[in-house]
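One structure is given below, encoded as structure tokens.
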Amino acid sequence: MDKLVDSGKTKQLFQTKDKNVLKVHYTNHTTAGDGKRNEQIENKGAVNNQISSLIFQYLNKFDIPNHFIEQTSNTDQLNKKVNMIPLEVVVRNLSSGHFQKRFGTNNLQQLSKPVVEFFMKNDELHDPMVNDLDVQALNIANEHQLSKMRDLALKINIALINLFKEINITLVDFKVEFGIDESNHIILADEISPDSCRLIDTDTKESLDKDVFRKNEGNMMKGYYKVLHKLQKELA
Ligand code: TYD
């Protein structure tokens with residue numbers, strides 16, 4: 001039995017024989033409201049593990065360094081062990097969620113250029129938004145690391161916009177997290193899935209992501225399966 005080394009809201013991390021490699025198990029836990037709502041949704045772990053594996057492999061083609069090694073089962077993957085930087089890096093193409101509330105824009109209004117925002121990972125403080133100077137003053141990351149994360153986030157955005165466009169899905173916004181590897185390089189870590197992206201069907205504007213759960217609008221998995229099946233077909 002592998003030893004559990006850490007457990008997040010939706011994933012469990014296990015030690016492997018290689019000290020630089022973790023086995024990541026995607027669970028069915030689905031959370032909203034800083035983890036206050038936490039439900040089990042059948043097959044969500046397996047679907048997100050498969051979606052995130054496909055996306056990370058796709059990002060390799062664009063020289064985006066990331067922690068993905070290989071998918072080992074429906075629910076599990078091997079990842080490089082990194083020191084996670086406790087920031088959520090959000091990229092937005094269309095206005096939605098916090099951005100829409102903050103600026104009173106229309107929902108799904110196209111932004112003139114992509115926006116990158118940083119939030120400190122802290123549920124008790126409800127993940128406060130931070131600027132570059134906050135991040136440096138709090139010793140979360142230095143100026144060079146911030147600039148690297150911003151550049152990578154925008155590069156990931158371009159690759160993902162194009163990928164989703166091919167399958168008639170609009171990438172509204174998404175969140176990524178970065179870690180520092182053993183060579184002190186910043187690499188993409190965590191996951192990219194409908195839990196961490198806003199994705200809409202370009203024609204029908206149907207939500208294909210966790211917004212369906214956040215807003216209690218019925219069976220969230222319908223959209224998740226649609227995203228998985230379209231990505232499988234596109235990237236086969
Ligand atoms: P945002 O509009 O900031 O917050 P909310 O989802 O609470 O309205 O979210 C922007 C994108 O980032 C969206 O695709 C969801 C994702 N995200 C996460 O995956 N985890 C988080 O903790 C937050 C705040 C956002």
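Read-outs: derived from the displayed coordinates by stated rules, not from any lab. Treat the numbers as computed from the prediction; the structure is a model and nothing was measured. Don't worry about glycine lacking a Cβ; one is built from the backbone with ideal geometry, like all the others, and counts go over all protein chains shown.
A few points about this structure:
- Where the alpha-carbon atoms of the range 151-204 are placed on the principal axes, they occupy 44, 19, 14 Å, in descending order.
- Theoretical ellipticity at 222 nm over the chain - DSSP helices of four or more residues, -39500 (n - 2.57) apiece, nearest 500: -9500 deg cm²/dmol
- Residues of the range 80-97 falling in the label zone of Ser112, defined by backbone nitrogen less than 14 Å from a point 7 Å along Cα to beta-carbon, are absent.
- Links that overshoot a 29 Å alpha carbon limit, given the list Lys61/Lys226; Lys19/Lys148; Lys101/Lys230; Lys36/Lys175; Lys80/Lys155; Lys113/Lys210: Lys101/Lys230
- Taking the Cα centre of the range 131-236 as reference, the dipole from Cβ charges on Lys and Arg (+1) and Asp and Glu (-1) amounts to some 440 debye.
- Seen from all directions on average, the range 54-201 presents a Cα convex hull projection of 9.8 nm².
- Stretching Asp132 away from Leu4 to a fully extended chain increases their span by 42.7 nm, per 0.36 nm per residue minus the current alpha-carbon distance.
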